[in-house]
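Student: Here it is: the structure, laid out below.
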Amino acid sequence: MSVLGIDQITYVADDLPTCKRFFADWGLALASESADALVFESLNGCRVVVARLGLPGLPPGPEDGPTLCEVVWGVESDADLDRYAAAIADQPGFVDTQADGARRIGCTDPNGVAVRLQRTRKHAVQIECGPSNTWNDKLRVNQPSPIYDRATPIEVGHVVFFASDVNATSAFYRNKLGFVASDSYPNRGAFLRCAPEGGHHDIFLLQLPSGKRGLNHVAFTVRDIHEVFGGGLHFSRCGWETQLGPGRHPISSAYFWYFKNPAGGLIEYYADEDQLTGDWQPREFEPGPTVFAEWAVDGGLDGHTRRQKNADAPQGKFLTEKK
């Protein structure tokens, strides 16, 4: 029994028209729309709900204003739901209800985030990715790497929250939901994955000296490094503001690009994260800029010039051509 990954997230926001344009530019498909909520889907059916801030019936978020108020995790079977229900029945805010015709159980984690579980609604997808050639392995022969005009995210890969008590919140996910520790900043940050075998982390919890609670970012998995770049360049052309990227994380090895999000926190394209098994031994790190990013472009790349923001546009037919 293990959680399979994120099935749905729910934002609360105060500007739904802007959010509609934002997530459409991001590459999600609009599945439904009303005056109070937008529902988007990724390639594999992972849902992103953006609801009107203050809409009755929604769980409270971990902070005021636009934020992420709910994370729905997918499981394989009804038997899994029964076992998880028994594990979390003693937790604050426990619910066992129906949502869109299906059973959903949940509670509130120690950080104030609504945690829900349901039988997964995601579906398998077969997509072409750009294999990389290394000195030892030539995986791409007589075939150029892809160039993407924009990104089409596969799923919500992970969520990151500021936690007021990282140890208590991490213990909840490990002891109640069976998550596994991948790496950590001792007493400051916890990278957790749903199961022993999987991507580097499905949730990251970060404790600030201030004890602030809230959303840091939501990360969307894309095919490969080329889609991180293609998606980021397209999003920049649409006028959305980069927070940091493109760049590369040393801890998970993933390539990233972060943007500011009108629905709360940041939003990230990422690809090529480490894949772990039960043999992995968690590491401990001291927080620092070079631990967060091996390298990163401050302010992003301009979608038109393909250069760093505010750099002069190329004048000739080649970037290296001089007047």
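Student: Is there any pair linking a residue in segment 1-19 that is free of Cβ contacts under 8 Å to residues at least 40 places away in the same chain to one that is surrounded by 21 or more Cβ atoms within 10 Å (Cβ to Cβ) and of a type outside the set (Ser, Thr, Tyr), with Cβ under 9 Å and at least six apart or on different chains, and which?
Tutor: Taking only residues 6 or more apart or on different chains, the pairs are Leu16/Leu38; Leu16/Val50; Leu16/Ala51.
Student: Criterion first (at pLDDT 95 or above, of a type outside the set (Asp, Glu) and either over 14 Å from Cys194 (Cβ atoms) or surrounded by fewer than 21 Cβ atoms within 10 Å (Cβ to Cβ) (or both)) does Val159 satisfy it?
Tutor: No.
Student: So, in segment 41-62, exactly how many residues are charged (D, E, K, R) and either surrounded by fewer than 19 Cβ atoms within 10 Å (Cβ to Cβ) or more than 20 Å from the chain's Cα centre (by Cα) (or both)?
Tutor: 1
Student: Sort out for me the strands (runs of 3 or more DSSP E) sitting completely within segment 43-123 that have 1 or more residues that are of a type in the set (Ser, Thr, Tyr) and under 15 Å from Tyr173 (Cα atoms).
Tutor: 102-108
Student: Moving to a separate point now. I need a count of the residues in segment 188-202 that are aliphatic (A, V, I, L, M) and either in a strand (DSSP E or B) or more than 14 Å from Gly74 (Cβ to Cβ) (or both).
Tutor: Count: 2.
Student: Further, regarding this structure: How many residues, within segment 250-303, are in a loop (DSSP other than H, G, I, E, B), closer than 25 Å to Asn187 by Cα and of a type outside the set (A, V, I, L, M, F, W, C)?
Tutor: 15
Student: Whether any residue in segment 75-86 is buried (at least 18 other Cβ atoms within 10 Å of the Cβ) and among the charged types (D, E, K, R) is what I want to check.
Tutor: Yes - at least one qualifying residue is present in segment 75-86.
Student: Looking at Ala168 and the list (1) of a type outside the set (Lys, Arg); (2) outside any loop (DSSP other than H, G, I, E, B); (3) buried (at least 19 other Cβ atoms within 10 Å of the Cβ), which single condition is not satisfied?
Tutor: Going through the list (1) of a type outside the set (Lys, Arg); (2) outside any loop (DSSP other than H, G, I, E, B); (3) buried (at least 19 other Cβ atoms within 10 Å of the Cβ), Ala168 breaks only (3).
Student: State whether the residues of segment 19-32 include one that is over 21 Å from Gly157 (Cα atoms) and either out of contact with any strand residue (DSSP E or B) (no Cβ under 7 Å at 6 or more places or on another chain) or surrounded by 13 or more Cβ atoms within 10 Å (Cβ to Cβ) (or both).
Tutor: yes
Student: Here's another thing I want to ask about it. What is the one condition in (1) closer than 21 Å to Pro60 by Cβ; (2) of a type in the set (Gly, Ala, Ser); (3) in contact with a strand residue (DSSP E or B) (Cβ under 7 Å, 6 or more places away or on another chain) that Gly112 does not satisfy?
Tutor: (3)
Student: Could we say that Trp280 is under 21 Å from Pro196 (Cα atoms), of a type outside the set (Asp, Glu) and in contact with a strand residue (DSSP E or B) (Cβ under 8 Å, 6 or more places away or on another chain) here?
Tutor: Taking the combined requirement at face value, the residue satisfies it.
Student: Then there is this: Quick check on segment 171-213: of everything there that is aliphatic (A, V, I, L, M), surrounded by 19 or more Cβ atoms within 10 Å (Cβ to Cβ) and within 25 Å of Gly61 (Cβ to Cβ), which residue is farthest from the chain's Cα centre (by Cα)?
Tutor: Selected residue: Leu177.
Student: Across segment 87-111, what is the number of residues that are exposed (fewer than 15 other Cβ atoms within 10 Å of the Cβ), aliphatic (A, V, I, L, M) and modelled with pLDDT of 95 or more?
Tutor: 1
The values are calculated or read from the model by the stated rules, or taken from the named source; none is laboratory data. Everything numeric here is computed off the predicted structure, so don't read it as measured data. Glycine also receives a Cβ, built like all others from the backbone with ideal geometry; neighbour counts cover every protein chain displayed.
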